[in-house]
Amino acid sequence: MRFDLDGMPVHFPYAAIYPEQHAYMGELKRALDARGHALLEMPTGTGKTAALISLITSYSLANPSRPLRLIYCTRTVHEMEKTLAELRLLFAHLPPAASRSLLALGLSSRKNLCVHPQASAAAVRDSVDTACRRLTASWVREKAASDPESTQLCEFYETFDRAAAGGDLAPLMPPGVYTLADLRALGRQRRVCPYFLARQMVKYANVVVYSYQYLLDPKVASIVSREMQKECVVVFDEAHNIDNVCIEALSVSIRKQTLEGAERNLRRISQEIDRFKATDANRLRAEYNRLVDGLAQRGNLPISDAWLANPALPDDILKEAVPGNIRRAEHFLAVLRRLVRFLDGRLETENVENEMPVAFVASIHSQAGIDQKMLRFCYDRLHSLMMTLEITDTDEFMHIQTICDFATLIGTYTRGFSIIIEPYDERMPDIRDPVIQLSCHDASLAIRPVFDRFETVVITSGTLSPIDLYPRLLNFNPVISRSFTMSLTRDCICPMVLTRGSDQLPVSTKFDMRGDPGVVRNYGRLLLEMASAVPDGIVCFFVSYSYMDGIVNSWHEMGILQDIMQHKLVFIETPDVVETTLALDNYRKACDCGRGAVFFSVARGKVAEGIDFDRHYGRLVIMFGVPFQYTLSRILLARLEYLRETFQIKEGDFLTFDALRQAAQCVGRVIRSKADYGMMIFADKRYSRHDKRSKLPGWILSHLHDAHLNLSTDMALHIAREFLRRMAQPYDKMGSGGKKTLLTEEDLHNMAEDAMEI
């Protein structure tokens, strides 16, 4: 369909549109007009992606003088594929002239795009990267030119390189939408490398879909996203955890294994230096002269040699000369050895230590003789040395890269970080496992370059409540900040707060109550009763893996698990990705064949973040407890202190906000469209408190009636049966009168006319 929005023609790939999609597009257009950032919360299953890509593509077509490019960031490859499928549908509904000129593509790692038979066979991503470099590095190709018999090259990359050198890459990738599978098929068909072709074509694409890390992790962003102009619109979808992604991008952990691996790496590099001194000393001399001029030469590397960039350095520092005492390769290795020895000594501590970067750098200077400027240049100096020594097996050198990453970050930042040294994990105090953690507390450090560089950044998700906390956490000022509700013709969402079991004993996962046999039994009875009454799939979320293991064992001993399996099969998420994927496949099979199933999962796990349990795969979701973070974690305590001092965010407010957004994310898995229906049970007495409950998203709260706030198991069972009986009745999908939930072109035209009259 095609309709007008504030005088601008919008192309939409479906015959009807939800009212909230129309309102969402209106707010998005205002943000684009104002050239500012937007923060938009939209209920799950209401077509965020379709609304976003339709509006931004239409805006770009309607304003040829200001051609916008869309960078769409997702968390998983699965979400990337869904977005590209929506784009394909949209492009099919655009005017032929427009669709013939637009290019949209997904970009992922070599692991997901490589088509070389040997390189793509490696199991781990780092191994695929290494296998690729062995075939495509500039020095390997130079050697092949002089000795083609003994050196193997990648024919796919050679085709790409010839086309890139001739400046005729466009014929290899005509306009259209390219998913990762399409790119691989194109690569095999045209015998060209899909990974490097996609990397190069990103500069010319109208829409690029890739992972958060490609913009937020400075090591990756400065290689992949360097060419993106200010006119791009950046969208972070499912961005409720964006502050955690930013923090992880700038945090580093060092253990004994890391230091042992780094020592092995240094021995290997030392051997390579000796070999080069004997065979090709001029290369080391040329590198020394280049380092005197500064590190800016990095921008001229061949695309196949581009390694992970510096985690922190701004461009002006790259133009400085590298400190004299680390220019010579052997001097630099001596500095790294002293740094590794210093860190090894710090790991020997018997007590927990917490230091700021300034104090830590001062102690490195006094004990190891390494100053701040040398630390700051460690990462780039290592990169330069590995290029000079022609090292392709980068996965073997991950340990020394981690050490240099750590050194560069503590040498660059003085605020927003702390170094925490723990001799053992508090949850296992008998096992010594010392770790040095450089923990970033300020999410705005990683995302600030994105806000500064692009004129419009849209942060959107189904769970951004309370929405006013995000501008403070990320330190930005959105021009539009709005939360939308869901328009429904029937109440197809039924949230309930269960505070006690059938025996009237309160239920909670509070630390002093979670081991109580009465609580464990009541939770088990709740699930058993629901399994007997609710058809198809039930999804249960627990607060942690350890709690899930404990309660499932208890249910097994009490005989509750066997009773549940009389009604439904039980599947469990584990930390292993392959096992979990297998469990999910079998869970879906059990639901499809009518046997019904229960899936046990964990808040903050892979399933909670990216798997949809739509239709019969999820008729009920039970959230056992409030998923607070482990509040004794030293890293969390340091972050809470930083948030209180810097942004005036109270500890309790942040912990509750974080727990409730995780809970909302878990229960939101069951509603993926308006034709869907499902129940949500918040099984913990703490949800009945207003300060907790009020932080749930508005679209859940609007369906949480007062009568459903303080339920026991038998009352919840009665409500569930009534709800399922109601959902079995036929209903009007379009809505009628003033409560239309699907708007056609004619409805939108009438709305526009009414607005004109007013």
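Please determine whether any residue of segment 385-396 is within 25 Å of the chain's Cα centre (by Cα), open to solvent by 30 Å² or more (accessible area, probe 1.4 Å) and farther than 30 Å from Tyr18 by Cβ. Looking for residues that are within 25 Å of the chain's Cα centre (by Cα), open to solvent by 30 Å² or more (accessible area, probe 1.4 Å) and farther than 30 Å from Tyr18 by Cβ, one finds at least one in segment 385-396, hence yes.
Would you mind stating whether His78 is touching a His at 6+ places or on another chain (Cβ under 9 Å) and either within 30 Å of Cys666 (Cα to Cα) or open to solvent by 30 Å² or more (accessible area, probe 1.4 Å) (or both)?
Working: touching a His at 6+ places or on another chain (Cβ under 9 Å): no; either within 30 Å of Cys666 (Cα to Cα) or open to solvent by 30 Å² or more (accessible area, probe 1.4 Å) (or both): yes.
No; evaluated as a whole, the condition is false for this residue.
Restricting attention to segment 1-44, the residues being part of a loop (DSSP other than H, G, I, E, B) and open to solvent by 20 Å² or more (accessible area, probe 1.4 Å) number 9. From the list Arg283, Arg290, Arg267, the lone residue that is exposed (fewer than 13 other Cβ atoms within 10 Å of the Cβ) and more than 21 Å from Arg639 (Cα to Cα) is Arg267.
Of the set (1) within 30 Å of Lys733 (Cα to Cα); (2) modelled with pLDDT under 95, all apply to Asp468 but (1).
Working carefully through the options Leu84, Leu89, Leu68, find the one that is modelled with pLDDT of 90 or more and open to solvent by less than 20 Å² (accessible area, probe 1.4 Å). Going through Leu84, Leu89, Leu68 in turn, the sole match is Leu84. When Ala329, Ala334 are checked against the criterion of being free of Cβ contacts under 8 Å to residues at least 40 places away in the same chain and either small (Gly, Ala, Ser) or on the phi > 0 side of the Ramachandran plot (or both), Ala334 stands alone in meeting it. The residue that is nearest to the chain's Cα centre (by Cα), among those in segment 419-468 that are open to solvent by less than 30 Å² (accessible area, probe 1.4 Å), among the aliphatic types (A, V, I, L, M) and farther than 21 Å from Arg75 by Cα, is Leu438. Among the residues of segment 346-366, the ones that are in contact (Cβ under 8 Å) with a residue 24 or more places away in the chain, of a type outside the set (A, V, I, L, M, F, W, C) and in contact with a Lys or Arg (Cβ under 9 Å, 6 or more places away or on another chain) come to 3 in all. The single condition from (1) over 23 Å from Arg514 (Cβ atoms); (2) of a type outside the set (A, V, I, L, M); (3) open to solvent by less than 60 Å² (accessible area, probe 1.4 Å) that Trp555 fails is (1).
Are there helices (runs of 4 or more DSSP H) fully within segment 667-758 with at least 3 residues that are open to solvent by 20 Å² or more (accessible area, probe 1.4 Å)? List them.
Working: elements: 690-693, 698-701, 713-727, 745-757.
The qualifying helices (runs of 4 or more DSSP H) are 690-693, 713-727, 745-757.
If you go through segment 224-237 and keep only what is open to solvent by less than 30 Å² (accessible area, probe 1.4 Å) and either more than 14 Å from the chain's Cα centre (by Cα) or under 12 Å from Arg199 (Cα atoms) (or both), you end up with Val224, Ser225, Met228, Cys232, Val233, Val234. Residues in segment 163-181 that are open to solvent by 20 Å² or more (accessible area, probe 1.4 Å) and over 18 Å from Leu70 (Cβ atoms): Ala164, Ala165, Gly166, Gly167, Asp168, Ala170, Pro171, Leu172, Pro174, Ala181. Comparison of Glu272, Glu260 shows that the only residue that is surrounded by fewer than 22 Cβ atoms within 10 Å (Cβ to Cβ) and either at pLDDT 95 or above or under 35 Å from the mean Cα position of the chain (by Cα) (or both) is Glu260. Only a single item in (1) under 20 Å from the mean Cα position of the chain (by Cα); (2) open to solvent by less than 10 Å² (accessible area, probe 1.4 Å) is not met by Glu609, and it is number (2). For segment 483-538, the tally of residues that are in a strand (DSSP E or B) and of a type outside the set (D, E, K, R) stands at 11. Tallying residues that are closer than 23 Å to Val322 by Cα, of a type outside the set (Gly, Ala, Ser) and open to solvent by less than 50 Å² (accessible area, probe 1.4 Å) within segment 344-379 yields 10.
The values are calculated or read from the model by the stated rules, or taken from the named source; none is laboratory data. If you're wondering where the values come from, they're calculated on a predicted model, not measured in any experiment. Quick reminder, even Gly has a Cβ in these numbers, built from the backbone with ideal geometry, and neighbours come from all protein chains shown. Just the protein is used for accessible areas: all its heavy atoms, side chains included, with ligands, DNA and RNA removed. Shrake-Rupley method; radii C 1.70, N 1.55, O 1.52, S 1.80 Å.
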